[in-house]
Amino acid sequence: MTKENNLPQKSAHKILSVGGSIIIPKTGFDVGFLKKFRELILDRIKKGDKFVLVVGGGATCRQYQNAAHAVARLSDAKLDWLGCASTWFNAEFVRLLLENYAYERIMVDPNKKIKTNKPIIVAGAWKPGSSTDRAAVLWAKTFNAIEVINLSNIDYVYDKDPNKFSNAKKIEKISWKNFRKDIVGYKWVPGENVPFDPIASGLAEKSGLKVVIMNGKNLVEVKRVLEGKKFKGTIII
C-alpha cells in the first residue's frame, strides 16, 4: 500500500462533510485558517467546481448535549435535535463567510435537490438518528456524486485510538465491511466522536459510495484531493 491515496473526481458537485472541529475547534476560532479555507473554496469555484458543504456540530454540539443531559437527562432523540440545531448554526456561519457564492439559506433536507446558479450549497444535519455524515451521504445520492470527502481533525483512520495507544496503526484503505465491524460498529450514539458515523457508513456501503477521511486543517492535502491528485488520508470503499 502506498503512503498516499488517489481518488478520481467525477461528480459535478463535490460533497464535503466539514467537521465542526475544523470550523470551531475547542480552542476557539482560528481566523487565519478560516480565511485560507475560504480562499481555497473560492479558488476551486473559479476553476469550475461546485460544492455541497455539510457542516457538523463538533465540540459545540457535544458541550450543549453533555450539559443538557447532565441537567435534564434528555432522551437520545432530544439530544440529537440539540445536535442538529448546533450544526444549523455552524452552517449559517459558514454560509455567511461565502455569502456571495452560496445559496441564500442553509439546507436541512438532503433529499431536496436545489436549483440554483450559486456554486455552493451549505447544509447542516437533517434529523435525529445520525450525524451530518448521514446527511453528506444522502446529498451525494441526490447529486449523483460518487464520493464524500470528510474533513476531520485526523490525518488517517487508525485501528485504535492513537491518543491512547502508541502502537496504533494508520489505515490508508479499508472496506466498508471491515470499517463497520472493526472501527465504528453499527449503533448510533448521540455526540459520539467516530471517524464516520455508523448509520452513514451503512448507507454508504449500500450505495457503493467512496468516502475519504482526511485532516481538514491540512489545506495543502485538501487542495490535492480537490484537484484529483494523490493525497494523504483514508479511503473507505
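Beta-bridge orientation, the chain: approximately 25 percent antiparallel, per DSSP, counting only bridges with both partners inside. Just checking the listed ones, P128, P110, P190: in the Gaussian network model of the chain with Cα springs under 10 Å, the one fluctuating most is P128.
For the chain, with all protein chains in place and a probe radius of 1.4 Å, 51% of the accessible heavy-atom surface sits on carbon or sulfur. Take the Cα pairs of the chain, get the Kirkwood Rh, then feed it into Stokes-Einstein at 25 °C and 0.890 mPa s and tell me D in µm²/s. Calculated translational D: 138 µm²/s.
When Rg and the Kirkwood radius Rh are both evaluated on Cα atoms of the range 130-182, their ratio Rg/Rh stands at 1.03. Of all complete DSSP H helices in the chain, those with a Cα span along the helix axis of 24 Å or greater and a mean Kyte-Doolittle hydropathy of -1.0 or more are 76-97. At an R0 of 30 angstrom, the distance between the Cβ atoms of L34 and D76 translates into a FRET efficiency of 0.40. Please work out whether the range 105-164 counts as rounded, prolate or oblate from its C-alpha gyration tensor, where a ≥ b ≥ c are the square roots of the eigenvalues and a/c under 1.5 means rounded, while otherwise a/b larger than b/c means prolate and anything else oblate? Since a/c reaches 1.5 and a/b is larger than b/c, the shape of the range 105-164 is classed as prolate. Label sites at N111 and E92, each approximated as a point 7 angstrom past Cα along Cα to Cβ, lie 2.6 nm apart. If R0 is taken as 35 Å, the Cβ-Cβ distance between V220 and E192 corresponds to a FRET efficiency of 0.75. Oblate is the label for the range 158-201, because a/c, from the alpha-carbon gyration tensor with a ≥ b ≥ c as root eigenvalues, is 1.5 or above and a/b does not exceed b/c. Taking a ≥ b ≥ c as the square roots of the eigenvalues of the Cα gyration tensor, an a/c ratio of 1.5 or more together with a/b no larger than b/c marks the range 29-120 as oblate.
When peptides 23-34, 47-58, 162-173 are sorted by average Cβ neighbour count within 10 Å, with the highest value leading, the order is 47-58, 23-34, 162-173. Where only DSSP H runs of four or more residues are counted, the chain gives -11500 deg cm²/dmol as its mean residue ellipticity at 222 nm, each run worth -39500 (n - 2.57). When only Cα pairs below 8 angstrom with a gap of at least 6 residues are kept, the chain shows a relative contact order of 26 percent.
If you take all other residues with their beta carbon under 14 Å from the beta carbon of G202, and give Lys and Arg +1 and Asp and Glu -1, the sum is +4.
The values are calculated or read from the model by the stated rules, or taken from the named source; none is laboratory data. Quick caveat, the model's predicted, so the values are computed rather than measured. Cβ atoms come from the backbone with ideal geometry, glycine included; neighbour counts cover every protein chain shown. Heavy atoms of the whole protein, side chains included, go into the accessibility calculation; ligands, DNA and RNA do not. Shrake-Rupley method; radii C 1.70, N 1.55, O 1.52, S 1.80 Å.
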